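Below: the structure, in structure tokens.
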Amino acid sequence: MIRFEQVGKRYSNGHVGLHEISFRVPRGEIMFVTGHSGAGKSTLLRLILAMERPTSGKLLLGGQDVSRISTAQIPFLRRQIGVVFQNHQLLDDRSVFENVALPMQILGLPKADIAYRVEAALDRVNLKEKAEDRPSDLSTGQQQRVGIARAVVHRPALLLADEPTGNLDPRLASEIMSVFEDINRLGTTVLIASHDLALIARMRHRMITLQRGRIIADREENA
Amino acid sequence: MSANDLPRGDEEGTPQRNTRERPDDNEHQDHSASLSAYAENHRASLMDSLHRLVSHPFGSFFTCLVMGITLSLPMGLSLLLGNVERLGGSWQRAAQISLFLDLKASEAQGQDLREQIEKMPDVIEAQLISRDDALKELQEQSGLGEALKELPDNPLPAVISVTPKQIDKAQLDALRQRLSELPGVQQAQLDLVWVERLSAILKLGDRFVFGLTLLLVLTLLLVIGNTIRLHIENRRNEIEVIKLVGGTDGYVRRPFLYMGALYGLGAGILSWALLAFGLDWLNSSVVNLAGLYGSDFGLAGVPVDDGLSLTVGAVLLGWIGAWLAVARHLRELAPR
């Protein structure tokens, strides 16, 4: 599903985000990327989303070379990826329903399909009754669940999450991680960047550890 | 929460451009649904833009008013010039060619010649002033009526006043030359200096209106561009999210284009109203003034087709201004 082949990222100021790293994430896997701040976790996700271009190597996503994708193709690449952010990135001037519907409106799906899928997605994260609320009326945990519903509503092949539990207490963080596992069980490849080692340790999934832009550990299953 | 209820990922795990999954739909239905969704998308963008304008009524109104005033200046000047032209009669009349006929020519010959001239393709009309009429007119206008009555013979020739279609100097000169060669014509006179002055005044007026229009169109584009730029700044976060979840530049641009067009529509309608009101307000004074000169002249209002052109032009300008503003700022709107 995801293949990094000697992917490096060097910024114009000389800072190296990633040092020619290589790894593969098979389809349907759930994987954690961990490391301290500045280790390169966010850079890695930004490269997959084509928010940045690698300065060397090859990044393949489902066979498509993301490192050489044209600017015009980037939106179509992103439509295949669901993204969950630490700060949720919800739009406060829209209702929960409208926030979740956004990716499907962009896809140009019929109104009836959108309504059906949004309701289903909100139901799955137990927020159906909050559909007409504004995100600012919800708790942090609920906001994150809205973010997850928005990320998966259009049935992406890949789900990326950047520090999705960063602002949550341990109980809510575990709950959110369970949601990711549920999504993964249905076949979606999930890649989660997190520095919460205690939480990751409780989950039996593959984990790669980054340090200063290098992979220093790649454990198939952390026990 | 049941895992089985969650939305499913792509079975092959390979990114594809189209993520729609309606296996029981046939192709025709899919196209029809896509078209309907596309139209719905545009409708939603239009309604969203309209809602945003209406939710800030004062700001929106004053932006439209500034644009409307800017638009009404060149249009108002153009309408006033049209009215002045109407006041002075047709400009062509100022470029009449006077043909002085032979003293021996009879009135019947004069009529024949007039008819012949009127059939010419570059002549609007020809009017015969007989020798008697010319004398009568001179008696009335010169104040020498009694003295002229003492003359043994009428010394004035018959005159044919020719109104040309064009007021171009070269064409008028050529026409004058042709008319002077007609049998029975003693002399053909054309006040070319006046024609040249008139032509120069007209050209100056046209050029002034054109220059002013260009300048004000540029001003309008700047006004709309700046307004849209502020809207973009206010929605930066939303735009970044839209781009992150796969929105194309076209999708991002669309609501701003509708917003620009709506500003233009408001400005066009306000401009039309301002011109109609302004001309009506001026008209009462003009009618009074004209009445003092024994004329029933009054200013014409804004013709419907001119008003419609003004409104459509304003909508287009709004759309273009918004497009330029979004195109300029789209590069800066990459998700961070």
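Of the accessible area of the protein assembly as shown, computed with a 1.4 Å probe over protein heavy atoms only, carbon and sulfur atoms account for 55 percent. Close amide H contacts of residue A:55 (hydrogens built in the peptide plane, cut-off under 5 Å, sequence separation of 5 or more or a different chain): A:8, A:9, A:10. Averaged over residues, the count of other Cβ atoms within 10 Å places the peptides A:47-53, A:147-153 in the sequence A:147-153, A:47-53, highest first. Computed with every protein chain present, the accessible area of residue B:305 is close to 100 Å² [probe 1.4 Å]. Across the protein chains, with a 1.4 Å probe defining accessible surface, the residues B:319, B:281 rank B:281, B:319 from largest area downward. Rounded to the nearest 500, the helix-only mean residue ellipticity at 222 nm of the protein assembly as shown stands at -18000 deg cm²/dmol, with each DSSP H run of n ≥ 4 adding -39,500 (n - 2.57). Largest accessible area first, the residues A:45, B:65 order themselves as B:65, A:45 under a 1.4 Å probe with ligands, DNA and RNA left out. Accessible surface for residue A:155 stands near 60 Å², nearest 10, in the context of the full protein assembly shown (1.4 Å probe).
With a 1.4 Å probe rolled over the protein heavy atoms of all chains, the accessible area of A:220, A:175 falls in the order A:220, A:175, largest first. The phi torsions of segment A:195-212, fed into the Karplus equation with coefficients 6.51, -1.76 and 1.60 and a -60° offset, translate into couplings of 9, 7, 4, 5, 5, 4, 4, 6, 10, 9, 9, 5, 9, 10, 10, 9, 9, 6 Hz, rounded to whole numbers, with Gly and Pro shown as x. Amide H to amide H, with H built 1.01 Å from N, residue B:129 comes under 5 Å of B:159, B:160, B:161, counting only residues 5 or more places away or on other chains.
Counting heavy atoms of the protein chains only and a 1.4 Å probe, report the per residue accessible area for the protein assembly as shown as a whole number of Å². It amounts to 51 Å² per residue over the protein assembly as shown.
What's the tally of Lys pairs in chain A whose alpha-carbon atoms lie under 21 angstrom apart, where the two lysines are 8 or more places apart or on different chains? Count of close lysine pairs: 5. 3J(HN,Hα) couplings calculated from phi for segment A:139-151 with the Karplus curve 6.51 cos²θ - 1.76 cosθ + 1.60 (θ = phi - 60°) are, in sequence order, 6, 4, x, 5, 4, 5, 5, 5, x, 5, 4, 5, 6 Hz; Gly and Pro show x. Look at the stretch A:104-116: the mean tally of other chain Cβ atoms within 10 Å of its residues' Cβ atoms is 6. For a straight C-alpha distance cut-off of 20 angstrom, the lysines reachable from residue B:104 (same-chain residues fewer than eight places away being disregarded) are B:136. Averaged over the residues of B:231-244, the number of partner chain Cβ atoms lying within 10 Å of the residue Cβ comes to 3.
On the principal axes of its alpha-carbon atoms, segment A:34-172 has extents of 48, 38, 23 Å, going from largest to smallest.
The values are calculated or read from the model by the stated rules, or taken from the named source; none is laboratory data. Everything numeric in this text was worked out from a predicted model, so none of it was measured. With ideal geometry, Cβ positions are generated from the backbone for all residues, glycine too; neighbour counts draw on all protein chains shown. Keep in mind that these areas ignore ligands, DNA and RNA; they rest on the heavy atoms of the full protein, side chains included. Shrake-Rupley method; radii C 1.70, N 1.55, O 1.52, S 1.80 Å.
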